[in-house]
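The values are calculated or read from the model by the stated rules, or taken from the named source; none is laboratory data. Values in this document were obtained by computation on a predicted structure and should not be read as measured data. Backbone-built Cβ (ideal geometry, glycine too); neighbour counts: all protein chains shown.
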Amino acid sequence: MKPPITIIGAGAVGTSLALALHAGQYPIRSILSRTAAAATELATRVECGDAAGLDDMRLPSDGVVFIAVPDDALPEILARLCAAHAHAERHPDSAGLAAPEGDDCGPVVLHTSGALPGDILAPLREFNASVGSFHPLMLFPRGRSTGTEFTLCPVAIEGDVRAAAAAREIARSLNSRAFSIRPEKKTLYHIAAVFASNYFVTLLSVVERTGTAAGLPREEIVTLFEPLLRQTLDAVLRTTPHGALTGPIARNDRDTIRRHLDALRDIGDERTLSLYIELGLATARLAKEHE
Ligand SMILES: NC(=O)c1ccc[n+]([C@@H]2O[C@H](COP(=O)([O-])OP(=O)(O)OC[C@H]3O[C@@H](n4cnc5c(N)ncnc54)[C@H](OP(=O)(O)O)[C@@H]3O)[C@@H](O)[C@H]2O)c1
């Protein structure tokens, strides 16, 4: 039987997860979010009768809880869950969780951060929870989640044995591609993801800025550069970064590189100049790697 799901954080990832799990016939038990209205809106979409703000947060006695909030908010969520549990234990008649029943019971609690290990949720083990992390290696732009993002999405999983097993089972039923990551390596893994997505986006903003400086119409730049971008990515995916490298540094066209540097100095674009030099040095090292 599919475990009931609680989602904490009705943002980009929380929304996609709720939609995907609902489509996969998982019962969505509760949606909690900082803004009660956001929780209610998502709950309506996934036929969930229990939506609330964080003040009403409780750790359920079973099922799977996903925490999909910004990394910096995780300690606060954790503190609230611990305090709510302690309160429920002192006032057993108040709404809250059932008493722990043994090692194989209790909730599984997974956060979706790429940078932090599941162990950050360790205090919840005291309440019979099994903890871990479930990081979709995918871009979830806010306000545009459909739930289909999880199909074939690689998901990095680590944590307690029971939590990791539950996470893998969920990934399997969402048709995602689960893979293991060592908890102590998550920061490095996340740096790789930041380069693959965030810094790549930043680089594209440099393409836009420099293209505009070259007199190209801003609204056409993406279209004009799209074939080059796609071909570059295809070449890297088909071969290796080194195998896909072309351009003045790979060819050792020194005069061209000098002209590039002069042109950036001429237009006074110091930001692009320093990025060009830094990336140029990295590119030269890459070009030399297989000489
Ligand atoms: N976006 C991505 O591409 C992506 C990909 C993989 C993993 N992740 C990870 O997934 C997690 C959530 O990311 P996201 O992109 O879904 O974030 P998000 O869209 O900004 O949503 C964050 C959610 O957390 C709530 N929240 C925001 N600040 C809070 C605070 N200080 N205290 C408590 N709750 C707070 C928000 O509530 P309200 O909306 O109700 O205010 C919102 O529901 C992060 O760990 C992130 O690293 C993100």
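The selection criterion, being of a type in the set (A, V, I, L, M, F, W, C), closer than 30 Å to Glu158 by Cβ and not assigned by TED's automatic domain parsing to the domain that holds Pro136, does not hold for Leu224.
Scanning segment 185-220 for residues that are within 19 Å of Thr272 (Cβ to Cβ), without any contact (Cβ under 8 Å) to a residue 60 or more places away in the chain and β-branched (Val, Ile, Thr) returns Val201, Thr202, Val207, Thr212.
Rundown of residues vs (1) surrounded by 14 or more Cβ atoms within 10 Å (Cβ to Cβ); (2) over 23 Å from Gly106 (Cα atoms); (3) among the aliphatic types (A, V, I, L, M), yes/no style:
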{"position": "Pro136", "(1), (2), (3)": "yes, yes, no"}
{"position": "Phe140", "(1), (2), (3)": "yes, yes, no"}
{"position": "Asp160", "(1), (2), (3)": "yes, no, no"}
{"position": "Ala167", "(1), (2), (3)": "yes, no, yes"}
{"position": "Arg182", "(1), (2), (3)": "no, yes, no"}
{"position": "Phe200", "(1), (2), (3)": "no, yes, no"}
{"position": "Glu208", "(1), (2), (3)": "yes, yes, no"}
{"position": "Leu216", "(1), (2), (3)": "yes, yes, yes"}
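Quick grid of which residues meet (1) away from the ligand (no atom under 14 Å from the Cβ); (2) in contact with a Cys (Cβ under 8 Å, 6 or more places away or on another chain); (3) assigned by TED's automatic domain parsing to the domain that holds Gly159:
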{"residue": "Ile31", "(1), (2), (3)": "no, yes, yes"}
{"residue": "Gly49", "(1), (2), (3)": "yes, no, yes"}
{"residue": "Leu54", "(1), (2), (3)": "no, no, yes"}
{"residue": "Met57", "(1), (2), (3)": "no, no, yes"}
{"residue": "Val64", "(1), (2), (3)": "yes, no, yes"}
{"residue": "Ile77", "(1), (2), (3)": "no, no, yes"}
{"residue": "Arg80", "(1), (2), (3)": "no, no, yes"}
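The criterion of at least 3 residues that are touching a Pro at 6+ places or on another chain (Cβ under 8 Å) is met, among helices (runs of 4 or more DSSP H) falling completely within segment 233-291, by 254-266.
Could you give every pair whose Cβ atoms fall below 7 Å, whose first residue belongs to segment 127-153 and is outside the structural domain of His87 (by TED's automatic domain parsing), and whose second residue is among the basic types (Lys, Arg) and assigned to a strand (DSSP E or B), counting only separations of at least 6 or pairs across chains? Between residues of segment 127-153 that are outside the structural domain of His87 (by TED's automatic domain parsing) and residues that are among the basic types (Lys, Arg) and assigned to a strand (DSSP E or B), there is no close pair. Scanning segment 1-29 for residues that are away from the ligand (no atom under 14 Å from the Cβ) and not small (Gly, Ala, Ser) turns up Met1, Lys2, Pro3, Pro4, Ile5, Leu21, His22, Gln25, Tyr26, Pro27, Ile28, Arg29. Checked against (1) within 26 Å of Asn198 (Cα to Cα); (2) within 15 Å of the ligand (Cβ to nearest atom); (3) in contact (Cβ under 8 Å) with a residue 24 or more places away in the chain, Asn175 passes all but condition (2).
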